[in-house]
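The values are calculated or read from the model by the stated rules, or taken from the named source; none is laboratory data. On a predicted model such as this, the values are computed, not experimentally measured, just so you know. Ideal geometry is used to build each Cβ from the backbone, glycine not excepted, and the neighbour counts take in all protein chains shown. Heads up: the accessible areas ignore ligands, DNA and RNA and are worked out on the full protein's heavy atoms, side chains in. Shrake-Rupley method; radii C 1.70, N 1.55, O 1.52, S 1.80 Å.
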Amino acid sequence: MITAEENELLCRVEGDAPMGQLMRRHWTPVCLSEEVAEPDCDPVRARIYGEDLVVFRDSDGRVGILEEACPHRGPSLALGRNEDGGLRCLYHGWKFDVEGNVLEMVSEPASSGLKDKVKHKSYPVVEWGGMVWSYFGPPETQPEFQPPRWAPNEDVRVSIAKVVLPANWAQILEGAIDSAHSSSLHSSDMVPARVEGARATESNWLRPSTDKAPRLQVEHAGFGFRYAALRRPIVKANENEYVRTTVFVAPFTVLIPPNNLYNVANVNVPRDDTSTAFYFIAWGHPAQTPEVETWRKFLGQTVGVDLDPLYRPKRTLENNFWQDRQAMRAGNFTGIKGFPNQDVAMWVSMGPMVDRSRDKLGASDLAVVEFRKQMVAAAQSFQQGEPAIGTGDNFVPDWVCSFQAIVPKTTDWRDFETGFVWEGGVAKLEDSYSVAAQ
């Protein structure tokens, strides 16, 4: 349990809030590259840390991120004309390039010199892993962009489902690092089976355990933490453990245990104090990782079907997230299609910002407790002038990844050598274990 004051410190990201200022010291996803796919395409709105932005791709293919309000008298530049190398405000025709320079000021006499005195607020841009990224901290503290662990190089396929949710970022991230809930909430989609490890099918993810009460162990790190959920496997339970490790990469990324074909992650970007852009990511070898539309259909997060054009769910609290009670009576645990949508139902039903001072926590909440302690402490340290968690020498190292495996009980998961799933899986997984041999 944390206090109401600590909960505020954890959750608040707008303005001068310490957590938001801490997050601004990290490169942050602003939108999907597909949202501004073509030169001179429609500009789009974005909201990050309580700040309203406009994103556009100019005639040369460069992406710009500007403050949404025109510096002249404040109308939205998202309504503007994206043409001939810049974004033009409709009100008086002022035109800006991707760096916020004024290209034209047609409402002013050329002799006024005002054009050269005005520069609109803009932010740096990097495109990587299917996302448009920016840095929102002070320019003098801007680090070099480093690829995230879920898109380590240009050879991987990255497929992303985006959902904009009316809930605080922290309650969404806590769901991502909560391994215990998957055995209940997702039990109709993550099905126990006599398999050698987690396996992906067209309709389910299979796992080799019926254990609903994992034992949790945490390993602290400067970038966040790793933790393991240890379960009894279905076979050889006396000799082995089924290990699923999750990695929290501060401040807003989670590396989720993979299946046999591809890796999984999510990124939880605060739009403001009470809404979040949730990105659910499949990544790995192009031959084994689902394409974007296949991934979104599998998750039940297809734009135009499950989501509106602004990536907001059509499943809402008011319509009970399209819950099918007949399916529940027939055996489906939740009656909600798509396991991320099952999570969404839980997160949104908590309200815009949950009061953690009222929680009654148990042993299965160890990772959640660690997240709260670590991030509250990180915000407090940042307030005192310390570097933001996960920056500088504490940036997540290249060897860090999540994994799942059946291992002998004599093996410490912290020392288990593995890597992210690539073509054919990871050779070290399941070396000495075969269901067929039972």
Search segment 373-413 for residues being in contact with a strand residue (DSSP E or B) (Cβ under 7 Å, 6 or more places away or on another chain) and in a helix (DSSP H, G or I), and hand back the single one that is surrounded by the fewest Cβ atoms within 10 Å (Cβ to Cβ). 374
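Restricting attention to segment 112-122, does a residue exist that is closer than 28 Å to residue 34 by Cα, assigned to a strand (DSSP E or B) and touching a residue at least 12 places away in the same chain (Cβ under 8 Å)? I'd like the intermediate steps shown before the answer.
Start the filter on segment 112-122 by keeping residues that are closer than 28 Å to residue 34 by Cα, which leaves 119-122.
Filter once more, keeping what is assigned to a strand (DSSP E or B): 119, 122.
Filter again for touching a residue at least 12 places away in the same chain (Cβ under 8 Å), leaving 119, 122.
Yes; the residues of segment 112-122 include at least one that is closer than 28 Å to residue 34 by Cα, assigned to a strand (DSSP E or B) and touching a residue at least 12 places away in the same chain (Cβ under 8 Å).
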Single unsatisfied condition, residue 122 versus (1) of a type in the set (Gly, Ala, Ser); (2) over 30 Å from residue 19 (Cα atoms); (3) at pLDDT 95 or above: (2)
Please go through segment 130-155 and pick out each residue that is surrounded by fewer than 21 Cβ atoms within 10 Å (Cβ to Cβ) and hydrophobic (A, V, I, L, M, F, W, C). 145, 151
Total residues in segment 76-125, condition under 15 Å from residue 59 (Cα atoms) and β-branched (Val, Ile, Thr): 1
Somewhere in segment 100-108, is a residue open to solvent by 20 Å² or more (accessible area, probe 1.4 Å), within 30 Å of residue 301 (Cα to Cα) and small (Gly, Ala, Ser)? no
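Kindly check whether there is at least one residue in segment 323-338 that is touching a strand residue (DSSP E or B) at 6+ places or on another chain (Cβ under 8 Å) and buried (at least 18 other Cβ atoms within 10 Å of the Cβ).
To start, the set of residues in segment 323-338 that are touching a strand residue (DSSP E or B) at 6+ places or on another chain (Cβ under 8 Å) comprises none.
Checked against the condition, which is being touching a strand residue (DSSP E or B) at 6+ places or on another chain (Cβ under 8 Å) and buried (at least 18 other Cβ atoms within 10 Å of the Cβ), segment 323-338 yields no hits at all.
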Please determine whether any residue of segment 353-364 is free of Cβ contacts under 8 Å to residues at least 12 places away in the same chain and surrounded by 14 or more Cβ atoms within 10 Å (Cβ to Cβ). no
Count of segment 198-230 residues which are of a type in the set (D, E, K, R), open to solvent by less than 30 Å² (accessible area, probe 1.4 Å) and modelled with pLDDT under 90: 2
Looking at (1) in a helix (DSSP H, G or I); (2) touching a strand residue (DSSP E or B) at 6+ places or on another chain (Cβ under 6 Å), which one does residue 103 not meet, given that it meets all the others? (1)
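I'm trying to understand the selection: among the residues of segment 10-34, which are closer than 30 Å to residue 83 by Cα and either of a type in the set (A, V, I, L, M, F, W, C) or surrounded by fewer than 21 Cβ atoms within 10 Å (Cβ to Cβ) (or both)? Even if it seems obvious, please write down each step before you answer.
Restricting attention to segment 10-34, the residues satisfying the condition of being closer than 30 Å to residue 83 by Cα are 27-34.
Result: 27, 30, 31, 32, 33, 34.
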Out of everything in segment 230-239 that is in contact (Cβ under 8 Å) with a residue 60 or more places away in the chain and within 32 Å of the chain's Cα centre (by Cα), what residue ends up being farthest from residue 368 (Cα to Cα)? 233
Could you check segment 176-196 and list, in sequence order, the residues that are assigned to a loop (DSSP other than H, G, I, E, B) and touching a helix residue (DSSP H, G or I) at 6+ places or on another chain (Cβ under 9 Å)? 177, 178, 179, 185, 186, 188, 189, 194, 195, 196
Go over the candidates 92, 26 one by one and state the one that is at pLDDT below 95 and not hydroxyl-bearing (Ser, Thr, Tyr). 92
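Does residue 158 satisfy the condition of being part of a strand (DSSP E or B), open to solvent by 30 Å² or more (accessible area, probe 1.4 Å) and at pLDDT 95 or above? Lay out the reasoning, then the answer.
On the way: part of a strand (DSSP E or B): yes; open to solvent by 30 Å² or more (accessible area, probe 1.4 Å): yes; at pLDDT 95 or above: yes.
So residue 158 passes the test.
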For the structure I just gave you, tell me whether residue 86 is in contact (Cβ under 8 Å) with a residue 40 or more places away in the chain, among the small types (Gly, Ala, Ser), closer than 27 Å to residue 113 by Cα and open to solvent by less than 20 Å² (accessible area, probe 1.4 Å). no
Just give me the residues in segment 322-340 being farther than 25 Å from residue 267 by Cα, part of a loop (DSSP other than H, G, I, E, B) and either out of contact with any Asp or Glu (no Cβ under 6 Å at 6 or more places or on another chain) or touching a residue at least 40 places away in the same chain (Cβ under 8 Å) (or both), in sequence order. 323, 324, 330, 331, 332, 333
Counting just the residues of segment 244-295 that are in contact (Cβ under 8 Å) with a residue 24 or more places away in the chain and among the charged types (D, E, K, R), which one comes out surrounded by the most Cβ atoms within 10 Å (Cβ to Cβ)? 244
Strands (runs of 3 or more DSSP E) (entirely within segment 35-89) containing at least 2 residues that are touching a helix residue (DSSP H, G or I) at 6+ places or on another chain (Cβ under 7 Å) and not small (Gly, Ala, Ser): 44-48, 51-57, 63-67
